[in-house]
Structure formats: structure tokens, C-alpha cells
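*Asks:* Please read through the structure below; I'll follow up with questions.
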Ligand SMILES: [Ca+2]
Ligand SMILES: [Ca+2]
């Protein structure tokens, strides 16, 4: 075998760049002075450290004041830009006139003062140049210090030492894991670049573990609950592990822009063996189906415990786990859902649908895709790397897309910049702009291969952007944060601005249109038949005849067709104006995939004028719900019971059915496998749990099998102290 | 073993994105119409194609007008935005009134009209919506068409077909490799985003194969010749291969920004098994030493012939091969050298040097590095993705650096933006800004670990930026394109602007300085002894005493120290004002590495005032030259001889000595290994060659062995027709 030499940097780098928070800092216990002091050393006793109290219990001052009391983590957890306290017990009272000592905070290998990875904090305010430090209290041998980390300091896990200056050198306390502390982002203080003024949004986007994620269709929105679990045992360490695995230099970890960008790469497994393996195939035999997860905790703990990517995810799983990561570190974050999201088009504002000469969709030549919905994250931060005005909510997206500057990551991209077409600022703004602003262009292909654009739908894509409302279970429509109203003057200006920065659009002047076509929306239960209506409207005042083709497909939520279920060929006059197409359960039930979306496209040509009419309709089939019930006294540390119940109302058996249930602060994830649920039978699964924490929570359950996915249910609980 | 499932996208993507120019397009030879024509088909003979003449010889119109006649490539090579010609011989004269045909240009798998990968060109101007097309001439059965590719079309290798419409369907010519054509960027036309108005620069940066690369020190610049060889046989295909290997989507290949960015990643082997493996270790046993290469041709052909990364490169090799890539595709490009280039500091404008209490350099704590020089590329293009004003020269850099947004690539970053501190625009501008603008900050470390900045040198880094002058072998100082004059008001404004965008600087007000120190520059031959002078200047009018330490190191060109060769400890009064330190050959000769740089730092403390004085000096030891001579008549296709001669003037033997020689258009790369060159002996190597092309050229030779690197020589030749 041939030797394949690796890049060697011995002659070009003085040392490796510290990029792991797990690799311990090296600080000597005794550091002798280079030169012995002139004259004989003084014989006085030097100061000795007997004990250090980190004041790290949840009910003590630090975790209370820093909003970190809910972390299931024994270490001290504080937020930057805000004072915290440490008490030191010396061998004798501290004498400021002759005793010199410092608290030393260190992070990563080879800590350096000038890199902000080694920070000495002195008891006198005037000596401190990096972080603040002052004596808050002294009584006998015990001295309590207040330490104020800079509001832009590195976020992560620090080691803490007490260093005492003696005539012979510096003497330090031993390395002690119980004195480690975590410093997080602080959205509560103005100097932190993640400061979020709105208190309700801050509480929701940092402290709420209970999420709602929207899916389905814009005019028939479904929702599912999610346990972000950012305070659960092991999650904070898992977040640091992800940054270590991604080798994010320690010195970059004070910058929320760099952390969010790195995480958008690391949450997916592409390129870097990151957290989640994507799978849109329908075959989830080697892992957990994306629709089956109910929270982020299992996923993050599984990843951190070995570093192997976890199977499987689709967009909402990426977004939910990313959300846990961001909230856990203290960066305000939320999951948003964009309905009709354009994909894979790399800043090109067109999604093409090709019709043949007769106006029928040419499937073999139509390659672009519009996802029925797509979930991504917004995180809140100042953009110190950009001109003023682009701070605030930023899009980040961990779902691996085909093209985002050659790597599987996306953002942060300023939402304000996207709304205003200022897509020249990093990162990946043209990509996100296209996701909410693409036009759907219908081309007609003539015999010799030329394409003529015949219709442009400018309002289909980016139809609705939703996120959970702060402090309630309601929906917040944030479409207007991404775009100006359809047809407004501002909208036109923005599209022109984006074009200046290289976003390409189709220039189309389609022929005069006096016939309109609409397919009204429908709410349909899975397994039911329904009538699909085609409503034609003739505004010409003259006779019009339309030759209209209707295609129906079972599609993935990504818009990719799986099977054709319906084809109706043409000739309709405009009397009657409504044409009804019957869809029977047997047309689609055997062919359903995943989230059970049906997609209908009707296209046709008006005989008299040559006008092309088109309409599209996505129908999300409604799933049965799980019944989730609790019994027992909802009190901390008292046993309760949860029952998940489901009846198979279908005419077929369900096989290999996974049922899951969990609740933040209340119940860790449990799951159960049913090999078979016969038609007409009911399953009922009861588990006991012991709530760990008081306050409101939820028990969330999911049921998942090959034939039926995305079945969920939940129940609210309020745990008393 | 455990199954590790890969990401599956079956349900999320309609088809793979075409990202290879090598995978052939699929175009059917006969494409029947879906519906048979109504009524009986007409019985007239349809048009048939007998022959196609691509007019692709170097002396024919296309290659002459498109400046592509020097490519050693049999295919047609043209530039976009400029008309070229193709002649078609039919079975009978073409009758515009009834014969319908089109030339079809296709690129990549699954070509699509709406993606610009399938372009039909018709003989009538009004039918053409994408590229221009017109009949230039008809005589008998031969029709000559003029084709005008859009000035923003995809660059690469197209297939060409003639499609004739018959009543039954479309009939095409067979796939024929001899009818393939390359379309390149066109710096000669205004509509192309790589348009370069200055004719001399355009000729230099697109058509010149002979390069000069600067190295050494800013006040003692050395140069070496380089054979870019962008027109040599196989190079154009190698460039397309690189984009294919990097899976750059075909639809992105019309955009020079995307191509340059992708290539900055692909020219190095990190992340993507790209072209060149970096090695700064001094051990090049498994490959060719970076100093040994004389041109890009061997490297690119070796890579394209198998796809394995080539060993080894340092910065100028990366830059030179990148330059070949860019010029070959028609993007104007040049190699530039930045003297005293700050590295690895990720947008932090500081390079720290730590001194102990006495003013002596603390090597163990000084980790930042300044390269003696660093080479990167500039390429010329409009930046349609940015606001107006940021087009023109753009920095791209393929040398793998530690930190560039987590991936080993850099740029394009607008030089204008760097000069003006507008580092908020992509790509990687803060990084390049730091390379030319970092401050060198000297910190003094006190006993308890605090650091106090004591001196800032703001003019050391980015001292000089050089590139070869267009049309001559002279140097062009382009420092002023990167920065305003030191100390000017504009300079201050720019630094403030860059700080607004997150570039951090050290705020230092060092104590009053009335003693200055300078180490004058020296030109020293390798093997010689020399006197290093320390010049103190006391402007106080009072007595001053300095305790000055001088350290001498052998350093790599990256500034990384390899061995200490000198240490002189302190106490100097300011009379005499000059102190001389003798350096003997035996101090350094046994310790030399690579390019034989010596680095001296003198630091000291003024006793009376506490002021810290510092000075640094890099000495590049001058190497012996190779003697290169030619004999014979310099005429195309006549045999000539080249002799490379070298005398070992050292007192030691040279072992395993590689000698190379090559000349663009004149002699392909040859090399020879001498196992031993004893002291005092002379080697003389003669090879024959046959010039392939007329005009000026150069024969460039290098000699390289472990003990002596970067020995070069060259001779000019002018080949007569
Ligand atoms: Ca990844
Ligand atoms: Ca690479």
C-alpha cells in the first residue's frame, strides 16, 4: 500500500489552536519566579487557601440571579456580563496591604491572557483590566468576592484556581472539577450581543422547554409538541461536546455568530460526523423514524455518549435539536415553519414547472421542488460583523441542503436583510431569500425544444411563516418580518434590490388572462374519500372552453412525488363553472408515504385564446390522535401514571408500531414497541413517572409505524411543589 | 460490524444536481413528437446534415479572434459574449421558408433549457432568446452560422448537436467528441463580469505563462520564475476536472465568484482531496519539496491523472497553481506577495509578543506567528453579489490556514473593501484585512500573571505587497491598493471602520519613548559570517542606559523558530550608540532549514525610565544561483540544448540533489537526481529540447536537497518561427 502523507504544519504553526473545551487547561501548581528576589526572602507566613465555596446550589444567589437554577447540572452556571459570587476560606484573615492573590479563570488548552482564555481576577477593582472583581464581604477567614465576567467573554466551561503570590513564586489551588463553572450567554444584559429586550420573548426563547412545531399546509396547519429539554441532565455538556467535535476554536466561542454558524453545520452529520443523519427515504429500519421523536434529549445524549451521528432526522428534527442547543447556551432561539418553501435553487428565484404543448405537466422535465413546509431556526443577536441595522432575528438552518456555498450549513442570515433584499451580507442570505420569495414559473415547451414562460405565480412560495407565540400555545404569524405585502410598492423595490445583488428572476409578461382557476382547500381525514372541486371563473364576457388536465400525486412533504393516484384528461367548457373530481380512499391509501400529503395540479389551455390556466392544491390528510391521560397527584417527587391510548380505525393492521412518551422535567423519554395492532383494536400503555420539578409541563406522545406516521397526542400537567 | 446508514434524499430531491462536466449529457438522437401530426405527413425530403466544421484550427478565425490559439488542445475554444462560427454542410441548400433546424449546445447531465444547460440556437435572429445566432454565409449546401453565447453563460465543455425538425419528430446528429467546444471567460468584452479594461494587465494576467514570484524580505526581495503553463496540453481539462472533483454545480459555473471560491478550497487537499498537500515540516521524502517545483504543469497533470493530491506545497506553490487555473479559464489573475503577513489570528488585529519582567522575549508564551512573506492570488471580476464599488481585484488564497470560517479556503475578498475597512462583505475580508493590518503588540508579564502592553508596532505587518509588473520583468508595488499611508487620516478612519465590523484591536498608550532602537538590514550570503548592528538613538538629552537582550533564531519562512542560534544578555549604555554582535557561519550553518531565514529580536528596558525598546530583523541568506545556458538555433521544431551548471562551494557534501528544468512552450519538465555533490565539485547537466511555439520564453531550473533549498536559475530564449 502506498503511503499517503498528511498535511504537516510543524514549520508553519507554533502550536495547535485550542479548539476543545474538554481538553483540560494546564496550569502549574507552583510557578517559580525566573530570578530569585534580590535580598533574603521575608519570613512571614504566606496566605494559604483552605476552602472555596462556589455558591452553586440552585437556591443560592448565583443560579437564582442568573436564571440558571433549572439546569440539572451540579456545577456553577452563570451568565456573562453579570456579577456572580465565590467565597474563599483562607488560613487567616486576608490582609489587603500585604497579601496578594487572584482568582484565575482558564478555558481550553494553553490558556493565554491576551486571548481571553486565562483571566486573573484581583480583589481590588483598579487592578482588574479584563473582568471585574471586588470584595463583597469579609468575616474572619472567609472572603466573598464578586466577579463580573466581560459581556463578550468566551462561553463554555472554565477551570477556577486561587493563586497566591509568595516571595518564591505563585502557588495555586489544585485542579478540582467541583470548582469548574459554566459561563453562558446572557440575553438579560444590554452589553451582551444576544441581549433581547422583550421580556416575554426572552422567557419563551431561552427558558421554555416546551415547544410547538407547525407543519401541514398553510391553510390547514397542524402542530406537534416538542420537548427541547435544554435543562435536562447532560444537555449542556452535550452542547459543549458538539462545539468540540466541530473543532470551533475556543477563542471564537464568545461570538454568537460564529457559534450559530458552526452549529448549523454540526447539527447535521454531513461533512463533519455531526449530530443527525438525514433520511427522506421512508425506510428507517436502522434508526428512529424522523416522525417518531418527541424531543431533543434522547438525540443529544445519544450523540454525546460516543459521538456517532444519530439516525434519523428531517427538517423539524434538525430545527428542534438546534433550538435546544441555542437555548441551552443562552442564545434566544425559536423554530419557525415556512409554508411552501422553495429549495435547492441556489439564489435563483425560479421554480420551474414545464408543460407540454397541450398544457399538461411534463413530469420528466420538471425538477425543482417546493417543500410543503420547511422548518428552520431564528436566533437573536446583534450583528457586530455587519453595518448597523441587521441585528435581531437571524435565520440559521441545519437541514442539509444541496447548495449552500459548498457546505451543509446555512446562516446566520439577518431576517431584516432578507425582508429588505439586502442579500449581500453574510451568511447565505440569497439562499434564504429564495426560500421565501421564489416565483413558480410555468413554461410551455414547443416542438423544437424552446420554452416559453406562460404563467408566473409570485405568491405561492413563502406563503406563511409561523412560530409559537411567546408565553402561550398560540401561533404567531411572522410572515411580515420576511416580506412586504404581496403587490406592494415595497415588495417590488425589494425584489429589484435583491436582483442587484445577483438574485436572478424570470422576466415574464404572460398573455392576457381572462379565465381563472382555483381548487378550494379541503380538510380530509386519512382514509376518507373526498370531492376535489375545480372552480373556473370567466371574466371575459364571452364563451370560453378549457382543456384541463388534472394530476394527483402522493407526495413527500418535500414536494417530491411518490406515486400518481389520479389523472383526468381534458375538455371542460365553462358551463358548469365547477367541475368535481371524486377521490376514493382506495385511490391513495395503498400508496401513502410519511406525512400523507396529496398534491393536485390542474393545468389547461383556453381554446379560444390560448391562455394557460393552472392551479395547485396540497391536501394534508388528517391523522388520528393519541389519547394521553395522567393519574395521581401532580406533586414533585410523587409517583404518577400516564396512559397512552390508540384505536386502529383502519381496515388494515399496523405492524412494528413505536410509541413514545416524555415530558420535560417530569418524565424522561420512554418507548414501547407493538408488533401488531389489528384493525378495530385499541392499545393502552401505562407507565409511572416521578415529576422532578414544579411548574407547568406537558406529557407528549407519538405513534409511528411504516403505514402511519406523525400521530401524536399530549396532555398538560401542572406540578405542585 | 455496525451498519452506518448514509443520508438518503430519495424523498426530498427529484434528482441529483448536475455537478460534473465530464458526465456526458444525454440527448436522444431521435425525439418523436408526442402526438402524431393530424393528417398525412408531407412527402417532401427533410433536411439532412452531412458534415459540421467547427473551424477550430489555431490559425482559423475562431481561435484567432478569441485569443485561444495558444492552447495545446484540438477542440474549439472560444470565449463567451463574443461571436464564433460553425459551418454546416447539408444534403441540399437550406431553405429558410420550410427547413427548421437548430444548433444545440448542452453541458452536464440532464441539460435543461431553463437552467442554461441546454441552449438551442436558431438561424433566425428573432427566434433566439438565449444566445445570439445568425446566418453569416450560405454557398450551395454549406451554411455558416455565427453564434453569440451570452456573456454570463456557463463556462466549460459543451456538446454540440444539429437538430432538424421533421414531421415525425426531431432528428439529431450523433454524439461526436470532435464537435465538443470549450467556452471560457472573456476579459475582452464589457458584458462579461471578468472584463478588464487595461490591455496591458489583461495580456499579462490572462495570456502570460511566465511568472515571477517574490519572496525573501521586504528590504531584500528575492524572486523566482514560474511556468504557469496554462496553455499546455491537458491543463484546460485538468481545470475542469478540479471543478468536477469539487462537485461545483454546473449551473454555478458561469459565476467567477463561485468558481474562484470553490477553487480556493480545491487547490489544497484539506477537506476535499484537492490538488496540493501542504508540508512545512522540512521532511519531503514522500514527494517533491515545495522549493523544488518550477511550474504548475507537472502538478496539474499529475492530479488530473488519477485525482490523488500531489505532494508538496507551501504558499507560493498554492498561489502559482491557482494562478494557472484562473488564467486557463480566462479569469484575469496574478500572484502577489505580502511581506510580513500576519496569520492564524481570525480577524483579531493583534500579534502578541510576550516579554518577561526584564524585557526578554518569553518564547514559551509567544504563540502568534508572522510569516516573513505570504503569497496569495488576486483575480479580477465584477462583484455582482455586492453593492457597487467592490469589483476589481479580489483576494483569493488556497493556502490552508487554521481558521477561515471553519474550512480551508479564502476569498474572493474585494481589495477595495480591504483598503476601506469594509470587511462586512463576503468572503473572508476580516481575515485578509488582518493579514496586512495587524499590530505587533509587546506585552510585559508581571509576576502575578497580568500583562501590560508596552509597545505597539503598527507598521511591521503588511509592509510591502508586490506583484510582477504587466509586460515587463519588473516589480509592481501594490501596497497602496491594500492600505492608506501609515499615519494618514484615512488610515485611522479605515481602522475604525473595520473595528465597527468586529475586527478587534489593542488599545495601547505605551509610556513616553525617548530611546529608539534599530537593527539595519544586511545582505548576507549563505555560509558567510556577518556583523549585526544594534543602533540606539537617545532623543532625551539625558543619560540613558538600556539592558538589552538579543535573541537570534533560525526560522521557517512562516516565522516559526526552528533553533536558537544566538543569545546575548544585557547591559548597554548608550555610549557607544552602536553595539555590534558578531555572527559566525558555524553559529547557524548546521541548523539551517528551508529558505534559510534568520530572525533577530532585541528587546530591552531603559533603566532610567522603564521604557521598553524593541527591534526585529529578518535576514534572508542569499543562495548560490544555477547557471542555465542554451545552445543551438532558437527556431520552432529545431533541436536545442540546455545546460544547467552548479558548483558546490560549501565545505560539506550535498546529498540526493534534485535538479529540474522546464520552459513554457519550449521544454516540458525534466528532472535529474544527483546522489552526491562533493565540496568543490561542479555538476553540469545537458538536455535536448525542441521548441513547440514561437515567441519569447524562458528556461527555468531549480536545485533542491535537504541541506540547500530554493536554488534557482533561468535563461531567456526567443524562439523564431
Ligand atoms: Ca455537518
Ligand atoms: Ca481543500
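Each reported figure results from applying straightforward, stated rules to the coordinates on display, with no laboratory input. Everything numeric here is computed off the predicted structure, so don't read it as measured data. Positions of Cβ are backbone-derived with ideal geometry, glycine not excepted, and every protein chain shown enters the neighbour counts.
*Asks:* Enter the per residue convex hull volume of the range B:224-317, computed from alpha-carbon coordinates, in Å³ rounded to the nearest integer. Write down the numbers at each step before the final one.
*Replies:* Values: hull volume 9.8 nm³, N = 94.
Cα convex hull per residue, to the nearest whole number: 104 Å³.
*Asks:* If I fit a long axis through the Cα atoms of helix B:489-500 and take the longest principal axis of the Cα atoms of chain B, what angle between them do I get, 0 to 90°, rounded to 10?
*Replies:* Orientation of helix B:489-500: about 70 degrees from the principal axis.
*Asks:* Under a no-solvent Debye model with one identical scatterer per Cα of the range B:538-610, what's log10 I(q)/I(0) at q = 0.21, 0.28 Å⁻¹?
*Replies:* Result of the Debye calculation: -0.88, -1.24.
*Asks:* OK, next. Would you mind listing the distances between the residue B:129 label point and the same position in each other copy? Use 7 Å along Cα-to-C-beta, nm, one decimal, shortest first.
*Replies:* 6.7
*Asks:* With r defined as the distance between the Cβ atoms of residue A:137 and residue A:50 and R0 fixed at 22 Å, what FRET efficiency is calculated, to the nearest 0.05?
*Replies:* For residue A:137 and residue A:50, the calculated efficiency is 0.85.
*Asks:* A follow-up question, please. Could you calculate, for the range A:426-501, the ratio of the Cα radius of gyration to the Kirkwood radius, expressed as Rg to Rh?
*Replies:* 1.11
*Asks:* Taking other Cβ within 10 Å of each residue's Cβ, how do B:393, B:188 sort, fewest first?
*Replies:* Least crowded to most crowded, the residues run B:188, B:393.
*Asks:* Tell me, for the rotation carrying B onto A, which chain B residue has the beta-carbon closest to the axis and what that distance is in whole Å.
*Replies:* Minimum Cβ distance to the axis, with residue: B:426, 2.
*Asks:* At 222 nm, what helix-only mean residue ellipticity would chain A give, in deg cm²/dmol to the nearest 500, using -39500 (n - 2.57) for each DSSP H run of four or more? The partial results should precede the final answer.
*Replies:* Working: 11 runs with 88 residues, N = 721.
About -3500 deg cm²/dmol.
*Asks:* Note the distances from residue A:645 to each other copy's matching label point, with points 7 Å along the Cα-to-beta-carbon direction, in nm, sorted shortest first.
*Replies:* Nearest to farthest, the other copies are at 10.4 nm.
*Asks:* List the distances, in nm to one decimal, from the label point of residue A:533 to the label points of the same position in every other copy, shortest first, placing each label point 7 Å from Cα along the Cα-to-Cβ direction.
*Replies:* Distances between equivalent label points, in nm: 9.8.
*Asks:* Related question: By how many degrees, between 0 and 90 and to the nearest 10, does the Cα long axis of helix B:315-329 differ from the longest principal axis of chain B?
*Replies:* Long axis of B:315-329 versus the principal axis of chain B: about 20 degrees.
*Asks:* On average over all directions, what projected area in square nanometres does the range B:589-668 have, based on the convex hull of its Cα atoms?
*Replies:* Over every viewing direction, the Cα hull of the range B:589-668 projects on average to 9.8 nm².
*Asks:* If you fit an axis through the alpha-carbon atoms of helix A:256-266 and take the longest principal axis of the Cα set of chain A, what angle between them do you get, 0 to 90°, nearest 10?
*Replies:* 60 degrees
*Asks:* Let me ask you something else. How big is D for the range B:167-324, in µm² s⁻¹ as a whole number, if Stokes-Einstein is applied with the Kirkwood radius of its Cα pairs at 4 °C and 1.567 mPa s?
*Replies:* D = 73 µm²/s.
*Asks:* In nm, to one decimal, how far is the residue A:518 label point from the residue B:492 one, both placed 7 Å along Cα→Cβ?
*Replies:* 6.6 nm
*Asks:* While we're looking at this one, here's another question. How do A:59, B:74, A:298 rank when sorted from fewest to most other Cβ atoms within 10 Å of their own Cβ?
*Replies:* Least to most surrounded, the residues fall as A:59, B:74, A:298.
*Asks:* Compute the Cα gyration tensor for the range A:44-110, then decide on rounded, prolate or oblate, letting a ≥ b ≥ c be the square roots of its eigenvalues: rounded whenever a/c is under 1.5, prolate when a/b is larger than b/c in the other cases, and oblate in all that remain.
*Replies:* The shape class here is prolate.
*Asks:* List B:237, B:352 from most exposed to least, where exposure is judged by having the fewest other Cβ atoms within 10 Å.
*Replies:* By the 10 Å Cβ count, ascending, the order reads B:237, B:352.
*Asks:* Same structure, new question: The range B:144-230: Rg/Rh from Cα coordinates, Kirkwood Rh?
*Replies:* The Rg/Rh ratio comes out at 1.22.
*Asks:* Project the alpha carbons of the range A:450-598 onto their principal axes and report the range along each, largest first, in whole Å.
*Replies:* Largest first, the range A:450-598 extends 49, 47, 32 Å along its Cα principal axes.
*Asks:* Write down Rg/Rh for the range B:632-721, rounded to two decimals, with Rg from the C-alpha atoms and Rh from the Kirkwood relation over Cα pairs.
*Replies:* Numbers: Rg = 14.4 Å, Rh = 13.8 Å.
Radius of gyration relative to Kirkwood radius: 1.04.
*Asks:* In square nanometres, what is one fourth of the surface area of the convex hull spanned by the alpha carbons of chain A?
*Replies:* 40.2 nm²
*Asks:* For the range A:576-721, calculate the relative contact order in percent as a whole number, restricting contacts to Cα pairs under 8 Å that are 6 or more residues apart.
*Replies:* Relative contact order of the range A:576-721: 24 percent.
*Asks:* Then there's this: Rounded, prolate or oblate, given the Cα gyration tensor of the range B:423-467, with a/c below 1.5 counting as rounded?
*Replies:* Working: a/c = 4.68, a/b = 1.94, b/c = 2.41.
The shape class here is oblate.
*Asks:* I would also like to ask the following. How would you order A:450-462, A:76-88 from highest to lowest mean count of nearby Cβ atoms within 10 Å?
*Replies:* Values: A:450-462: 18.5, A:76-88: 22.6.
Packing order, densest peptide first, comes out as A:76-88, A:450-462.
*Asks:* Please work out the Cα center distance from the range A:88-122 to the range B:443-507, rounded to the nearest Å.
*Replies:* 34 Å
*Asks:* Then there is this: With a 10 Å radius around each residue's Cβ, average the other Cβ atoms per peptide and rank A:142-155, A:621-634, highest first.
*Replies:* Result, highest mean first: A:142-155, A:621-634.
*Asks:* Run the quick spin-label model on residue B:469 and residue B:89: label points 7 Å from Cα toward the beta carbon, then report their separation in nm to one decimal.
*Replies:* It works out to 5.3 nm between the two label points.
*Asks:* Take the alpha-carbon positions of the range A:672-716, form their convex hull, and give its projected area averaged over all directions (one quarter of the hull surface) in nm².
*Replies:* Mean projected area for the range A:672-716: 4.3 nm², to one decimal.
*Asks:* For the protein assembly as shown, just say rounded, prolate or oblate: build the C-alpha gyration tensor, square-root its eigenvalues into a ≥ b ≥ c, call rounded for a/c under 1.5, and beyond that prolate if a/b exceeds b/c, oblate if not.
*Replies:* It comes out oblate by the Cα gyration axes.
*Asks:* Let me ask another. Roughly what % antiparallel, to the nearest 5, for the DSSP beta bridges in chain B?
*Replies:* For chain B, the DSSP antiparallel bridge percentage is about 90.
*Asks:* Still on this structure: Nearest 0.05, what FRET efficiency do residue A:641 and residue A:716 give at R0 = 22 Å with Cβ-Cβ as r? Please report the intermediate quantities before stating the final value.
*Replies:* Numbers: r = 16 Å, r/R0 = 0.72.
Here the calculated transfer efficiency is 0.90.
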